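See structure below.
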Amino acid sequence: MHNLHDKLIKVHDRLQDAAETAKRRPPSIQLLAVSKTQPASKIRELFQYGVVQFGENYLQEALEKQQQLADLAIEWHFIGPIQSNKTLAIAQNFNWVHSVDRFKIAQRLSSQRSEEQSPLNICIQVNTDSESTKGGVSFDELETLAIQVLGLPHLRLRGLMAIPAPRQNYTAQVAVFKQVQTALEHLRQRVPEYNRNELDTLSMGMSGDLEAAITAGATIIRVGTDLFGSRLKQPN
Ligand SMILES: *Cc1c(COP(=O)(O)O)cnc(C)c1O
C-alpha cells in the first residue's frame, strides 16, 4: 500500500464499509482530499483517479497549486484558519470554506465574492471540546452566527465542520460526532424552511476517525494522511 492509487482504494473501501455498517448510501458521503503540504503533481494524479474535491489550509500554498492545476475542474475547499487580510483571495478562489467561526469573516467573504460567481458554500466550524488552540464556535454560539450568515447575500450556509480532540475509542468518537449531528438537526428546525434544504452538510472525520464520523452522519470526510502518506514539510 504505497502508491496513491492503492491508498485511494483503501480509503474508498473504508468509506464503503462504514456506510454499509451505518446503513447509509455510499454516494451520500463525499471524500475531500486534504492536500496541504502535498505537491500539485499528486493532486493531478488523484484527479485522474476521479477525486475532484481538494482541501487546503494555507492560502499562499493553495494559490500556487491552483495556478499549476488551472486546467483541471477541481472543486477547492478552504479548511484552515482565516485571517481577515486573506478573505478576498479565499472568497474568489475557492468553492467552499469550512472554517468560518466569526461574523466579521463571513461578512468579508460575502462582500468580496465576485458577482459573477455562484454563492460561496460555507460550513460553520464548531469547537466541540472548547479547545482554546482551535477555531470554531461553541454549541451555544452556533445559532446566532448561523442566522447572521444566512442573511449574507453571496454565501450559502451548508452545514457544520468539526475537528474533535482525539478520543480513546470508537464509541467516544461516535459520541462527539453525534453531538455535531444533533446541533445541525437542531439548527435545521430553527431556520426558515427556505434555508433548510441547503443545510445538508456535516464535514467531519479524518484519517483516524472517519468510520465514527460516517456512523454519525458525516457527508464530507476530510482525509489527508491516509491518502497521501505523511505530510512533507511543516508549513511556515
Ligand atoms: C490536516 C487536516 C485534515 C486531514 O487530517 P489527516 O489526519 O491527515 O487525515 C482534515 N481536516 C483539517 C481541518 C485539517 O487541517
Per DSSP, loop chymotrypsin sites (Phe, Trp or Tyr not before Pro) in region 34-78 with at most 13 further Cβ within 10 Å: Tyr49
5 angstrom amide H check on Leu120, placed H, neighbours 5+ away: Leu155, Arg156
Dipole magnitude of region 106-236 about its Cα centre (Cβ charges: Lys, Arg +1; Asp, Glu -1), debye to nearest 20: 260
Filtered trypsin sites (Lys or Arg not before Pro), region 128-236: DSSP coil and at most 11 other beta carbons within 10 Å: Lys233
Net dipole in debye of region 37-148 [+1 Lys, Arg Cβ; -1 Asp, Glu Cβ; about Cα centre; nearest 20]: 240
Helical contribution to [θ] at 222 nm, DSSP H n ≥ 4, -39,500 (n - 2.57), averaged over the chain, rounded to 500: -12500 deg cm²/dmol
Cα centre as origin, Lys/Arg/Asp/Glu Cβ charges: the chain dipole, Debye: 160
Spatially proximal lysines relative to Lys7 (Cα-Cα < 30 Å; intrachain offsets below 8 disregarded): Lys23, Lys36, Lys42, Lys65, Lys134, Lys178, Lys233
Accessible heavy-atom area order of Lys36, Lys65, Lys10, Lys86, highest first, probe of 1.4 Å: Lys10, Lys86, Lys36, Lys65
Spin-label pair Asp71/Ala40, simplified geometry with 7 Å Cα→Cβ offset, distance in nm: 1.1
Reachable aspartates and glutamates, given that their alpha-carbon falls under 18 Å from the alpha-carbon of Lys10 and they are not under 8 places away in the same chain: Glu20, Glu45, Asp209, Glu211, Asp226
Accessible surface of region 1-102, 1.4 Å probe, proportion on carbon and sulfur as whole %: 49
Gyration tensor over alpha-carbon atoms, region 1-129, equivalent ellipsoid semi-axes in Å: 27, 19, 13
Over the chain, equivalent-ellipsoid semi-axes from the Cα gyration tensor in Å: 25, 23, 16
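The values are calculated or read from the model by the stated rules, or taken from the named source; none is laboratory data. Given the structure is predicted, the values throughout are model-derived calculations rather than measurements. Heads up, the Cβs are rebuilt from the backbone with ideal geometry, glycines too, and the neighbour counts pull from every protein chain shown. The accessibility values were calculated without ligands, DNA or RNA, using every heavy atom of the protein model including side chains. Shrake-Rupley method; radii C 1.70, N 1.55, O 1.52, S 1.80 Å.
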